[in-house]
Amino acid sequence: MLKPATAARIAGGAVGLAVLGGLASIAMPEGLPGAPAAAAASEGYERTVSPDAVAQQEVLKADAILAAAEAGLNAAHEKGQQVTIAIVDRSGSTRLVLKTENAGPQTQESAERKAFTAVSFGQPTSALTEGASGDEPNLSDIPGTLFLAGGVPVISNGTPIAGIGVGGAPDGAIDEEIARAALHALETYED
């Protein structure tokens, strides 16, 4: 049971929590995702958009992402590597970052950029290195990309829906082996 002072502090924030008879309920301010739609309806927004105006997008389930990260972590431990594993969605937004105990500080950005690059181009980053070299403008000029081995795309129905990036091993080929172990967990995932 919450103490009255604690309950008052929580209720004063963005989300209120009430504990009654051992059951908790959350009171969310109107307008937040998941909040009651009463305010929207009272302001004339009760109409919904046409289904033709809404695109459905495939995304990885949270449990599947965790399973992939765990498989990558196991592969890193088996190889004795200190790495960071990053998984991003189709838009390049980070969904998960997992670091082994002694991964260096540079490994997170490396992993996230490799994952971003893999999902952006729908190819492993190791396959993209040729297009990212030379004196003329090239792929490496695109902000947020990193053309080192260690990033693999997650493909569903022929479309990249996520990227897995690994950074920190002394050789990008090892990073990519770990990323592929994470990808394999998604390919064999069952609810």
Reach of K79 by Cα under 20 Å, taken over aspartates and glutamates that are not fewer than 8 positions away in the same chain:
E70, E101, D171, D175, E176, E177
Rank-order 61-73, 148-160 by packing density, defined as the average count of other C-beta atoms within 10 Å over each peptide's residues, highest first.
148-160, 61-73
Quick check: pseudo-label points 7 Å beyond the Cα along Cα→Cβ at E70 and V54, how many nm apart are they?
3.2
So, R0 is 25 Å and r is the distance between the beta-carbons of D191 and T94; what FRET efficiency does that work out to, to 0.05?
0.55
For region 101-148, what is the relative contact order in percent, using Cα pairs closer than 8 Å and at least 6 residues apart in sequence?
40
Sticking with the crude label model, points 7 Å out along Cα→Cβ, report the distance from S140 to A62 in nm, one decimal please.
3.9
Say a paramagnetic label sat at a point 7 Å from the Cα of Q106, along Cα to Cβ; which residues of region 133-148 have their backbone N under 16 Å from it?
146-148
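Every read-out reported here was derived from the displayed coordinates using simple, explicitly stated rules and does not represent laboratory data. What you see is a predicted model, and the numbers here were worked out from it, not measured in a lab. Don't worry about glycine lacking a Cβ; one is built from the backbone with ideal geometry, like all the others, and counts go over all protein chains shown.
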